[in-house]
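Report on the structure given below.
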Amino acid sequence: MTSPVTILLLDDEPMLRRATTLLLSNRGGSVTAAATPDEAVALAAAHLYDVAILDLSHGGASVAHVAARMRAAGVAPRRVIVVSDTPLEPSDIGEVLQKPYPFDRLLRAVFGAGGRSRTRSGVFPRARPRGRTQPTRSTQRAPRRLTRDARAARVRG
């Protein structure tokens with residue numbers, strides 16, 4: 001059995017951070033999420049990661065600056081994937097994904113062209129479709145009993 005790919009995810013948007021963490025975890029990755037550049041650099045110093053995904057959408061430190069801080073501290077992962085709103089050159093930063101991108105492209109960037117052998121179908125495999133479900137025995141209504149008058153009216157009627 002292979003060990004899971006260890007992933008450091010830096011994303012300053014909480015909803016996207018949770019969704020991306022869930023997507024990558026369901027594909028067999030071991031994800032550690034960070035909300036700020038300082039937190040990401042501290043996590044990288046504490047643990048060796050295979051891949052870092054850097055996504056900063058609201059100003060602050062640039063992803064190039066975060067990657068440079070990791071390299072200067074000697075804690076940069078082997079692969080760095082930068083997610084950006086604007087086109088960037090992948091030269092010394094690493095691989096660049098420009099927003100919007102399909103999740104399949106992120107999966108290929110993280111796990112490689114072959115993907116993971118331990119994939120699950122869908123992003124949220126435990127989610128159940130909304131709508132009516134089949135009634136169970138405990139939720140089924142008991143047949144209505146007709147009163148004597150109602151039965152008599154049916155027979156006459």
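Take Ala45 and tell me if it is within 17 Å of Leu56 (Cβ to Cβ) and either of a type in the set (Gly, Ala, Ser) or in contact with a Pro (Cβ under 7 Å, 6 or more places away or on another chain) (or both).
No.
Kindly provide the set of residues from the range 1-51 that are under 25 Å from Ala68 (Cα atoms) and among the hydroxyl-bearing types (Ser, Thr, Tyr), ordered by number.
Across the range 1-51, the qualifying residues are Thr6, Thr20, Thr21, Ser30, Thr32, Thr36, Tyr49.
Starting from the range 31-50, keep only residues that are in contact (Cβ under 8 Å) with a residue 24 or more places away in the chain, then list their pairs with residues that are of a type in the set (Ser, Thr, Tyr) and assigned to a helix (DSSP H, G or I) whose Cβ atoms are within a distance under 7 Å, requiring at least 6 positions of separation or different chains.
Val31/Thr21; Val31/Ser25; Ala33/Thr21
Could you list, in sequence order, the residues of the range 35-57 that are at pLDDT 90 or above and in a loop (DSSP other than H, G, I, E, B)?
Ala35, His47, Leu48, Tyr49, Asp50
Taking the range 4-15, which residues are in contact (Cβ under 8 Å) with a residue 24 or more places away in the chain and exposed (fewer than 15 other Cβ atoms within 10 Å of the Cβ)? Quick ask: steps written out before the conclusion?
Within the range 4-15, the first condition is being in contact (Cβ under 8 Å) with a residue 24 or more places away in the chain, and the residues that meet it are 4-13.
Passing the criteria: only Glu13.
Which residues, taken from the range 6-28, are part of a loop (DSSP other than H, G, I, E, B) and either under 10 Å from the mean Cα position of the chain (by Cα) or modelled with pLDDT of 90 or more (or both)?
The answer is Arg27, and nothing else.
Being touching a helix residue (DSSP H, G or I) at 6+ places or on another chain (Cβ under 8 Å) and either in a strand (DSSP E or B) or modelled with pLDDT of 60 or more (or both) is the filter here; which residues of the range 93-127 pass it?
Ile93, Gly94, Glu95, Leu97, Phe103, Leu106, Leu107, Val110
The values are calculated or read from the model by the stated rules, or taken from the named source; none is laboratory data. Quantities reported herein were computed from a predicted structural model and do not represent experimental measurements. Methodologically, a virtual Cβ is constructed for each residue, glycine included, from the backbone with ideal geometry; neighbour enumeration extends over all protein chains shown.
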